[in-house]
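The values are calculated or read from the model by the stated rules, or taken from the named source; none is laboratory data. Being a predicted model, the structure only gives us computed values, none of them experimental. All Cβ positions, glycine included, derive from the backbone under ideal geometry; neighbour counts span all protein chains shown. Please note that ligands, DNA and RNA were not included when accessible areas were found on the heavy atoms of the full protein model with its side chains. Shrake-Rupley method; radii C 1.70, N 1.55, O 1.52, S 1.80 Å.
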Amino acid sequence: MRYIFLIYTREADRNGESVRERHYAVMDAASARGVLVAAQPLQETSTATTVRMTEGKPLITDGPFAETKEQLAGYYIIDCKDLDEAIEWAKKIPTTCQGGAGCIEIRPLHELPPR
């Protein structure tokens with residue numbers, strides 16, 4: 001089953017060579033096992049645009065959907081045998097959140113049936 005790992009971190013804390021190298025290490029390990037589907041960092045929230053539909057009309061605003069202490073910084077998609085394996089991969093993904101603890105949201109992806 002494919003899982004998406006949503007990485008939440010403080011933007012000020014996410015830049016740096018050591019964090020980048022730790023991400024490369026996770027990507028290399030997952031690639032070597034043949035389970036990495038995709039991984040990509042996101043640009044800063046200042047580049048975000050939000051589209052909300054209100055009474056059938058789009059309202060377009062600059063910035064993220066909500067103000068939070070941590071921002072969505074990127075994602076991994078990894079093909080795991082089960083949630084336990086997904087949790088093991090999540091433990092390896094570098095991130096910093098409130099109090100220095102990592103914030104990785106793991107969600108299984110729905111497989112779309114053929115059309």
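Answer yes or no: is there a residue in the range 74-91 that is at pLDDT below 90 and among the hydrophobic types (A, V, I, L, M, F, W, C).
Within the range 74-91, none of the residues are at pLDDT below 90 and among the hydrophobic types (A, V, I, L, M, F, W, C).
Of all residues in the range 11-22 being open to solvent by 80 Å² or more (accessible area, probe 1.4 Å) and not polar (S, T, N, Q), which is nearest to residue 79 (Cα to Cα)?
22
Restrict the check to the range 22-38 and report whether at least one residue is out of contact with any helix residue (DSSP H, G or I) (no Cβ under 8 Å at 6 or more places or on another chain) and in a strand (DSSP E or B).
Looking for residues that are out of contact with any helix residue (DSSP H, G or I) (no Cβ under 8 Å at 6 or more places or on another chain) and in a strand (DSSP E or B), one finds at least one in the range 22-38, hence yes.
For the range 23-43, how many residues meet the condition of being touching a residue at least 12 places away in the same chain (Cβ under 8 Å) and open to solvent by 70 Å² or more (accessible area, probe 1.4 Å)?
Going through the range 23-43 one residue at a time, the tally reaches 2.
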